There are 4 protein chains.
Amino acid sequence: MSFISEGDYVLLYFDERRKWLVKATTDKEFHTHKGVIRFGSIMGKPYGSIVKSSLNQDFWVLRPTTCDFIMSVERPTQIIYPKDAGIIILKLGLKPGALVVEAGTGSGALTLAMANAVKPDGHVYSYEVRPEFIKTASRNLRKAGVLDYVSLKSADAKLGFEEKNIDAVMIDLGDPWKVVSKAYRCLKGGAPIASFSPTFNQIEKTVGAMKRSNFLDLETFELLLREIRVDKGKTRPVTFMVGHTGYLTFAKKALKK
Amino acid sequence: MSFISEGDYVLLYFDERRKWLVKATTDKEFHTHKGVIRFGSIMGKPYGSIVKSSLNQDFWVLRPTTCDFIMSVERPTQIIYPKDAGIIILKLGLKPGALVVEAGTGSGALTLAMANAVKPDGHVYSYEVRPEFIKTASRNLRKAGVLDYVSLKSADAKLGFEEKNIDAVMIDLGDPWKVVSKAYRCLKGGAPIASFSPTFNQIEKTVGAMKRSNFLDLETFELLLREIRVDKGKTRPVTFMVGHTGYLTFAKKALKK
Amino acid sequence: MSFISEGDYVLLYFDERRKWLVKATTDKEFHTHKGVIRFGSIMGKPYGSIVKSSLNQDFWVLRPTTCDFIMSVERPTQIIYPKDAGIIILKLGLKPGALVVEAGTGSGALTLAMANAVKPDGHVYSYEVRPEFIKTASRNLRKAGVLDYVSLKSADAKLGFEEKNIDAVMIDLGDPWKVVSKAYRCLKGGAPIASFSPTFNQIEKTVGAMKRSNFLDLETFELLLREIRVDKGKTRPVTFMVGHTGYLTFAKKALKK
Amino acid sequence: MSFISEGDYVLLYFDERRKWLVKATTDKEFHTHKGVIRFGSIMGKPYGSIVKSSLNQDFWVLRPTTCDFIMSVERPTQIIYPKDAGIIILKLGLKPGALVVEAGTGSGALTLAMANAVKPDGHVYSYEVRPEFIKTASRNLRKAGVLDYVSLKSADAKLGFEEKNIDAVMIDLGDPWKVVSKAYRCLKGGAPIASFSPTFNQIEKTVGAMKRSNFLDLETFELLLREIRVDKGKTRPVTFMVGHTGYLTFAKKALKK
């Protein structure tokens, strides 16, 4: 709610480069180069409050957003970034109550964003073949408070999905074209599908598979995020940027004639 | 649900350039260059089905996503596009149940995306001084089925917001810096704010106002959407693109010492 | 030199959108929506002077740059734009005295830029199979005053180049990979090659061919030009931009072991 | 010419990340992690040849291009990159014989590119107030073999230029607007000016000064270079890129009425 409670995940903020998503617990300490933080003193206080470190430095206790949770997942894999997750959710039409199938859980970054979009009545069925990623994703989803809205399935998406009449399918695999026809079968008529891939070769194959599987309304694009350093009298784009994450492909299921 | 019912908004699809978001009603006709569409014949059929036009052309009846609703709003004003709406929702941490204040309803494109993200228990309080835009936005929100989750307020955001303890504030005005201190007052501690502006000069002033109002964790960026024409053996970015919509600024409310 | 002479090509400028590269001749008229221009009155006057139209409007007579000549070529084909031509010239190390082979003259836009870079002692040997393009290119090169520094060769580059010991090769063909081994033969040891192509598939094949032909120091990139509308207090990138022209690949010839 | 001679600067190439622009001299050694290179054995051999290191590794001796010289300048300052230098040269209409004034020599990277474009009959007059930069630039220009075509002037461009009737002016200063009226005076009628600046604030001021000084045909843009990793079956843009160098402004001198 509005007040910091035992066990809440908070965004502990010192400055732009020193901020952490941490669990606020009375009996644990959080160590930083600017001193040790003890959360006991701010339990019950409002978010946005200052907590002093052992070195008498000011830290702020802010509310983490979905974006903060995405950016702080444990990530043995490349994750889908918020810029891409945001448009995926809108293009898949995810809303509270929607049922989604995800092929390729990975670290669960996109899974948590989708779970937040469909909860409390919707659900994400997420397939992952690598058991160690299911463990990581599970921890990340629990931390974000959305594990109840996700079924992590230790199964190979290429063998097909158990679900039927699904509102949307998201594919984040190295060979997305191999699950396109399976995705077709589990989707409701007219419903959307999305796929994320870093290379041109992948999108050629994926789009080809989607056309063959009777998907329509195809679209492929990429989003480039360019950060601006806003500084009175010397505002400018920052020197270095992430130049590529991946291409997004979207389509909708047409029924066969 | 899965079947087309009287009064549903559907995405009527002929090809990539000829698709429309229309209301499926038994007694009305929809005229296209490829013939007249009558929806009576497909009532009760599943989404994804084909409807024949009077010229015997195939049209598909697909499910509109949030994105399709955004792109089909009546728009006397520049709208916030899905690429920007998606990241705004994640950076504002919008989830079912959240309460949001929006300064500048405009055509209601972003309003409908936010309403979809917070419904059914959340709410969007959207301020707009121009009465004709409230009318347009109202029609756009009704069409998208989210009017119940939005209060359109005919009032000047610069005079302040009536709401208190709000989870997030979104500003889409020509002079966002003038409402930043008002936004501060209506927000919960530690909660996020966002602002959208096309010019460098606006972001300099907005960021200055946010710093003075005790907002922290500031970030400004833009998203560039680059469409790819995927065609086996000749895949390439498309020749023309939208080179600029606007800059996004995000921050969080810190309490005063 | 500094004064306008009979037959000079000048940049006739009314405003940002109304400017033309025209030949200043005493006995001809140039018709615009802002009146007719007669150049007789400004012969012998300095560049930068005003000429009045028949409707008493001010037009300026400016000096055309290489860029203006490129942008005003007659173009039955897609041309290589100045942003790409500029880096090609630097990456190919073109300097006065250099000998260059070009495969694919097209409209001659890049040819004229290269000729300007290597004249008066250097030379461009440009191959083109389509006779009508040779005619167009010839007119464009004459207009830019560089026809003497170019040999337009009506021949198929895929059959090989007659020249030997060439300083640089530029390929602008739909199937560049087919001339890479021919280019290798006509180049000096250690010398650079460049290729321009719009699709991913082309660059994959071209880079493959270059590696097989013993080229080293390979690099592929694209340049995006983003125009800024500078207007005091409301400066911003322009809304629409050219999102893609083509990819540039560069390499250097290594001798075989 | 085609053969490696004593004192030539060569591009010594091991692989994409290990390449150096070095002077080939018989009596000096060049040390790398892959062994020591002695150039004596390849004097008189053609460029493109292999030289073995003391660890029996293959290194290639390639021809350096203008681009290689730019990228290897000693640089106590931020330099103007080839992508920007290329378009500056075309927009300024630089050709053999042209006379150019440059305000702000810096490390001399752009100076060397311009000198290469105007030599042997043209000349670059380059102003720099910081004596240590004149020394660095001097070394960089000598290395590139173009010192004879450049006058390095230890003087403040803001006090005006001594040259008259100049073909083009290039400004690379932190406060370009302060030299715009001086640049106007030294330019020929109708001739082009260019300015490079990293911030929005600078371009607003510069464009304002150019308009007040009677420059026309104004244009401001930036170039983004996006590198592509071409790898058969997995071609994609590279993950990190330089997101910003600076904005380029161009205009032409109109005579006063």
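Computed values, structure above
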item: Extreme residue, nearest to the other protein chains (Cβ to nearest Cβ), among residues of the range B:107-117 that are touching a Lys or Arg at 6+ places or on another chain (Cβ under 8 Å) and closer than 15 Å to B:Ile171 by Cα; result: B:Ala109
item: Residues that are assigned to a loop (DSSP other than H, G, I, E, B), crowded, with 19+ Cβ neighbours inside 10 Å and out of contact with any Ser or Thr (no Cβ under 8 Å at 6 or more places or on another chain), drawn from the range A:3-12; result: A:Asp8
item: Out of B:Asp148, B:Asp172, B:Asp167, sole residue that is acidic (Asp, Glu) and away from chain A (no Cβ under 14 Å); result: B:Asp172
item: Subset of the range D:45-71 (residues that are in contact with a helix residue (DSSP H, G or I) (Cβ under 8 Å, 6 or more places away or on another chain) and under 19 Å from C:Lys188 (Cβ atoms)); result: D:Ser49, D:Val51, D:Val61, D:Thr65, D:Thr66, D:Cys67, D:Phe69
item: Selection from the range C:177-187 of residues that are more than 11 Å from chain D (Cβ to nearest Cβ) and either crowded, with 24+ Cβ neighbours inside 10 Å or in contact with a strand residue (DSSP E or B) (Cβ under 9 Å, 6 or more places away or on another chain) (or both); result: C:Trp177, C:Val179, C:Val180, C:Lys182, C:Ala183, C:Cys186
item: Test: D:Glu219 is within 7 Å of chain C (Cβ to nearest Cβ), assigned to a strand (DSSP E or B), modelled with pLDDT of 95 or more and within 28 Å of A:Val238 (Cβ to Cβ); result: no
item: Residues of the range D:210-241 that turn out to be free of Cβ contacts under 8 Å to residues at least 40 places away in the same chain, hydrophobic (A, V, I, L, M, F, W, C) and more than 30 Å from C:Lys45 (Cβ to Cβ), as a count; result: 7
item: Those residues of the range C:226-241 which are within 21 Å of D:Pro82 (Cα to Cα) and either buried (at least 22 other Cβ atoms within 10 Å of the Cβ) or of a type in the set (Val, Ile, Thr) (or both), in sequence order; result: C:Ile228
item: When residues of the range A:89-115 are limited to those that are in contact with a Gly (Cβ under 8 Å, 6 or more places away or on another chain) and in a loop (DSSP other than H, G, I, E, B), the one surrounded by the most Cβ atoms within 10 Å (Cβ to Cβ); result: A:Leu94
item: Residue list for the range C:88-103, restricted to those being under 11 Å from the mean Cα position of the chain (by Cα) and more than 7 Å from chain D (Cβ to nearest Cβ); result: C:Ile88
item: Among the candidates A:Lys211, A:Lys158, A:Lys257, residue that is at pLDDT below 95, surrounded by fewer than 16 Cβ atoms within 10 Å (Cβ to Cβ) and either outside the structural domain of A:Leu90 (by TED's automatic domain parsing) or out of contact with any Gly (no Cβ under 6 Å at 6 or more places or on another chain) (or both); result: A:Lys257
item: Residue in the range A:239-248 that is among the hydroxyl-bearing types (Ser, Thr, Tyr), assigned to a strand (DSSP E or B) and facing chain B (nearest Cβ under 9 Å) present; result: yes
item: Pairs where the first residue, in the range B:188-203, is within 9 Å of chain A (Cβ to nearest Cβ) and free of Cβ contacts under 8 Å to residues at least 40 places away in the same chain and the second is in a strand (DSSP E or B) and acidic (Asp, Glu), C-beta under 9 Å, 6+ apart; result: none
item: Residue count, the range D:55-68 (criterion: more than 7 Å from chain C (Cβ to nearest Cβ) and part of a loop (DSSP other than H, G, I, E, B)); result: 4
item: Helices (runs of 4 or more DSSP H) lying entirely in the range D:116-212 (those with 1 or more residues that are closer than 27 Å to D:Val22 by Cα); result: D:131-143
item: Residue tally, condition buried (at least 20 other Cβ atoms within 10 Å of the Cβ) and closer than 21 Å to C:Phe133 by Cβ, over the range C:163-176; result: 6
item: Residues that are touching a Gly at 6+ places or on another chain (Cβ under 6 Å) and closer than 20 Å to D:Lys257 by Cα, drawn from the range C:18-56; result: C:Pro46, C:Tyr47, C:Gly48, C:Ser53, C:Ser54, C:Leu55
item: Residue in the range C:60-87 that is farthest from C:Pro131 (Cα to Cα), counting only those that are more than 13 Å from the chain's Cα centre (by Cα) and buried (at least 24 other Cβ atoms within 10 Å of the Cβ); result: C:Trp60
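Yes/no per residue for (1) outside the structural domain of A:Tyr81 (by TED's automatic domain parsing); (2) at pLDDT 95 or above; (3) under 30 Å from B:Phe200 (Cα atoms); (4) over 25 Å from the mean Cα position of the chain (by Cα):
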position	(1), (2), (3), (4)
A:Lys188	no, yes, no, no
A:Phe200	no, yes, no, no
A:Thr206	no, yes, no, no
A:Ile228	no, yes, yes, no
A:Arg236	no, yes, yes, yes
A:Thr239	no, yes, yes, yes
A:Leu248	no, yes, yes, no
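Condition check ((1) under 30 Å from A:Gly189 (Cα atoms); (2) among the hydrophobic types (A, V, I, L, M, F, W, C)) across all residues:
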| site | (1), (2) |
| --- | --- |
| A:Thr220 | yes, no |
| A:Arg226 | no, no |
| A:Pro237 | no, no |
| A:Phe240 | no, yes |
| A:Gly243 | no, no |
| A:Thr249 | yes, no |
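The values are calculated or read from the model by the stated rules, or taken from the named source; none is laboratory data. Computed from a prediction, not measured in an experiment: that's the story for all the values here. Here the Cβ is made from the backbone with ideal geometry for all residues, glycine too, and neighbour counts use every protein chain on show.
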